Amino acid sequence: MINLAIKDISHSLGKFIVTSIGVGMLLGIVLIMLGVYRGMIVDAKALLGSVNADLWVVQEDTMGPFAESSRLFEDVKYQIRNVEGVSEAAAMTFQTIQIPTSLKQERVTAIGYEIGKIGKPQNIISGRELVREHYEIVVDTKLGFKLDDKIPLGRNIYTVVGITKGAVSSSGEALVYISLKDAQQLQFLASNDTIRSDRARGIKDATSTTVNTIVAKVSSGYSPKDIAENIKKWKHKNVYTNDEQVEILTKNVIEKSSKQIGLFTIILIIVSSVIISLIIYTMTIGKIKEIAILKLIGMPNMEIVKMIVEQSLVLGFLAFIAGNIFANAIQGKFPKNIQLLPEDSMGLSLVVVLVSVIGSLFGIYKALKANPAQAIGE
Amino acid sequence: MGSLAIKVENLKKEYITKDNTLQVIKGIDFELEKGEIAMLLGPSGSGKTTLLLMLGCILEPTSGRITLDGEIVYEDRWILKDTRKLRREKLGFIFQAHNLIPFLNVQDNVTLLPQLNGIAEVEYKKKAKEILTYLGIEDKTNYMIGSLSGGQSQRVAIARSLANDPRIILADEPTAALDKERAISVMELLRKLAKEQEVAMIVVTHDDRLLPYFDSVLKIDDGYLTKTKASETKLH
């Protein structure tokens, strides 16, 4: 049996393709939205992955450096190192700073870590990690620096010694790594004027031996959860395992963003459905006389329904292909990490099938209501 | 009875509106033999199209009986449930504006019904070729409808109406959009088909010059129908 849907599409192929591309761009944006969400999750996990700690010890009653402000004395690390089952513990700081790049001030997350301990930069694509206690910096390739470039930070000039790839914070900002001592100075050391002013007001010198978290590795055979409970009980600190920290980042920190993106995605899918429905409806109305003729000469309703649904599915399929091409083409233009995953694409394809079938319902209703007498002019 | 293609008995059609009842067809009777070609005449609004629609099982009459090709299809209600199947298998339609499907080529337009009727591809293609050759448009087989002239399109419409070997053809002003020469050519063709293939035809036309191509005249006026032999009929 002749395929009426394909014949009709072939007859107005250009128009059909342009329409499909239009809908496809909308679907492409749906994919990008999903990609933004996936990118946030990947970014959140990337930071935790690069630190690669089993335990995160933070200020009591706080959720850690990524969710809330957390301050600890650096020497807590010695207490943690002495806990049974802990093989290694180191202090770290996390702070948001502005770095002057060639084009503008770039917002970055600076990680201060103890050289040779946990938290060193991963994925170094050129140069090396830090070896000196002062004025060396490892930056992400996203910032556009080259090795040996000089970057003024606070009162000092830092030299780029290493470049990483894909090192980003949960909010998508590039990571830079400096030594713990430099980071403490940068975060906690006030300017001379401020120190003088504070002294005049009776405020003691601020300490620069504060850190944001102590990260620890657990010896094999020990449960991070049990050790965390032990530290919480005796050291009056909050302790999170790496899994809990992942959950805090993905659920608590980016939950609102993901809900926002989810809502946008749902709205876009609804808009796509309405547009597909309107297109199919308009296409059906455009050939209502032909449908009346087909009914008049005896074509069963099922064949007419098949034609409309098939056209809708072809439109959805072409739009889906166009959407994927569009999303992949513009993915790199976004400042934040966009992760286009095959499973999201597959999920969207199922939604497109559903939307195409639902979208054809109005057209089908109109076609089934078409009076064959219209073909003879009544 | 065996030679009758159409038998209409006391057929009525009323349109009931909020305020009144409009009787368009007030009880008509006529018969048409197989191979008979009848001209359907009547002033505008006299019910010609209504009659065609009822005979084509598209519009339900109010009462009466319609027998098509020996089968009672309507007797105060539809006796035949699948009227579309009847149209597909036994009826052919030709319209004033050829009403072909623009997104199908000539062959697809012609073979659409045989395909729906489950005829094998080899057979329906062979049949389409025969019909198109018979109508002198075999060279247009793969043309799209939009590229044909009015006369060629009307021939394709005739080819489509013949492709399912119909027993009855209902034509609504098939020559109205054609010039005199082409109109005569189409009427010659329809008459030839009616005679050679024993197809009964009812053709609505207002063109008096075409009278010689008909066997009979069905004149409908004020809801009533009279049937006369074409040879004995004088039109103004």
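Throughout, read-outs are computed from the coordinates displayed, never taken from laboratory work. Predicted model only: the values in this text are computed from it and were never measured. We place every Cβ from the backbone using ideal geometry, glycine too, and count neighbours over all the protein chains shown.
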Pairs of Cα atoms under 8 Å, at least six residues apart: use those to get the relative contact order of region B:8-62, whole percent. 34
Mean-position separation - Cα centroids, region B:31-71 and region A:157-177, in angstrom: 86
Taking +1 at the Cβ of each Lys and Arg and -1 at the Cβ of each Asp and Glu, which of A:115, A:89, A:101 sits farthest along the dipole of region A:67-115 towards its positive end, judged by Cα position relative to the Cα centre? A:101
Candidate cut points under GluC sites (Glu not before Pro) in region A:68-124, DSSP loop plus at most 16 other Cβ atoms within 10 Å of their own Cβ, are A:68, A:84
What distance in nm lies between label points placed 7 Å from Cα along the C-beta direction at residue A:303 and residue A:198? 8.7
With label points set 7 Å from each Cα along the Cα-to-Cβ direction at residue B:33 and residue B:165, the distance between them in nm comes to 2.3
Just B:22, B:91, B:170 to compare: in a GNM of chain B, with alpha carbon springs under 10 Å, which one fluctuates most? B:22
Measuring from its Cα centre, region A:190-345 shows a charge dipole (+1 at each Lys and Arg Cβ, -1 at each Asp and Glu Cβ) which, in debye to the nearest 20, is 600
Fewest to most Cβ atoms within 10 Å: B:98, B:206, A:236 sort as A:236, B:206, B:98
In region B:119-236, how does Rg compare with the Kirkwood Rh, expressed as the Rg/Rh ratio over alpha carbon atoms? 1.01
Determine how many Å³ per residue the convex hull of the Cα atoms of region A:141-278 encloses. 250
Quick one: A:234, B:78, fewest Cβ neighbours within 10 Å first, how do they rank? A:234, B:78
The set of residues whose placed amide H lies less than 5 Å from the amide H of residue B:63, leaving out same-chain residues fewer than 5 positions away, is B:12
State the number of lysine pairs found in region A:241-344 whose Cα atoms come within less than 15 Å, restricting to pairs 8 or more positions apart or on distinct chains. 4
Which value at 222 nm does chain A reach when only helices count, each DSSP H run of 4 or more adding -39,500 (n - 2.57), with the total divided by all residues and rounded to the nearest 500 deg cm²/dmol? -16500 deg cm²/dmol
Charges at C-beta only: +1 for Lys and Arg, -1 for Asp and Glu. How large is the resulting dipole of the protein assembly as shown about its Cα centre, in Debye rounded to 20? 840
Label-point gap, in nm, between residue A:18 and residue A:102 - each point 7 angstrom along Cα→Cβ: 4.2
Give the average over all directions of the projected area of the C-alpha convex hull of chain B, one decimal, in nm². 13.5
Please tell me the relative contact order of chain B in percent, rounded to the nearest whole number, where contacts are Cα pairs under 8 Å and at least six residues apart. 28
Taking each pair of different alpha-carbon atoms in region A:177-234 once, compute 1/r for the pair, average those values, and report the inverse of that mean as the Kirkwood hydrodynamic radius in Å to one decimal. 14.6
Report D for region A:101-210 in µm² per second (integer): Stokes-Einstein, Kirkwood Rh on Cα pairs, 25 °C, 0.890 mPa s. 165
Region A:88-108 scanned against label point 7 Å out from residue A:117 along Cα→C-beta; backbone N under 18 Å for A:88-95
Check residue A:88: other-chain or 5+ apart residues with amide H under 5 Å from its amide H, H built from backbone geometry? A:217
Each residue of region B:139-144 in order: what ³J(HN,Hα) in whole Hz does its phi give by Karplus 6.51 cos²θ - 1.76 cosθ + 1.60, θ = phi - 60°, with x for Gly and Pro? 6, 9, 3, 9, 6, 7
If you take the beta carbon distance between residue A:7 and residue B:208 as r and set R0 to 35 Å, what does 1/(1 + (r/R0)^6) give as a FRET efficiency, to the nearest 0.05? 0.30
Do any trypsin sites (Lys or Arg not before Pro) in region A:49-126 lie in a DSSP loop with no more than 16 other beta carbon atoms within 10 Å, and if so, which? A:71, A:104, A:117
Based on alpha-carbon centroids, what's the gap between region A:347-378 and region B:125-193 in Å, whole number please? 31
Going by how many other beta carbons lie within 10 Å of each one, how would you line up A:195, B:158, fewest first? A:195, B:158
Just the Cα atoms of the protein assembly as shown: what Rg and Dmax do they give in Å? 41.4, 130
Region A:92-242: relative contact order as a whole-number percent, Cα under 8 Å and 6+ apart: 23
Translational D (Stokes-Einstein, µm²/s) of region A:1-146 at 37 °C and 0.692 mPa s when Rh comes from the Kirkwood sum over C-alpha pairs? 163
Here the residues of region A:163-179 lying in the modelled label zone of residue A:134, meaning backbone nitrogen under 14 Å from a point 7 Å along Cα-to-Cβ, are A:179
Dipole of chain B, Cα-centred, from +1 at each Lys and Arg C-beta and -1 at each Asp and Glu C-beta, to the nearest 20 debye? 220
